[in-house]
1. Calculate what fraction, in whole %, of the accessible area of segment 31-99 sits on carbon and sulfur atoms when a 1.4 Å probe is rolled over the protein chains.
2. Per residue, how many Å² of accessible area does segment 31-99 show with a 1.4 Å probe?
Amino acid sequence: MPRSNRPRGRRPRGGSVSEELDVERILLGARHTETRRGTAWTVQPISAANAQKDYVCPGCGRQIPPGIAHVAVWRADGVLGDLADLEGRRHWHTHCWRIA
Ligand SMILES: [Zn+2]
């Protein structure tokens, strides 16, 4: 993939180089775990090319149409088992998840 095609988001003001790389890595799609209010969630970025269905974002209640990069989120603590957690995943607009 040509580097010129990579999305270039807003740069953190005054952020260090390592912080910027970290943000970029998340935006470009490494699966990672986030903890929200004591619950661990697996966050899997879905690229535009892999977004092939309509989803409804739980954050804003609006549709995520095919071709829009977003994130799939499911519980990472495994109380229901990995498969059940995966089946219960929700698709969020990237922005909505970040402010959720
Ligand atoms: Zn949303």
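1. Carbon-and-sulfur percentage of accessible area, whole number: 50.
2. That works out to 64 Å² for each residue.
The values are calculated or read from the model by the stated rules, or taken from the named source; none is laboratory data. These figures come from a predicted structure and were not determined experimentally. The protein model used for the area step is the full one, side chains on, heavy atoms only, and it has no ligands, DNA or RNA in it. Shrake-Rupley method; radii C 1.70, N 1.55, O 1.52, S 1.80 Å.
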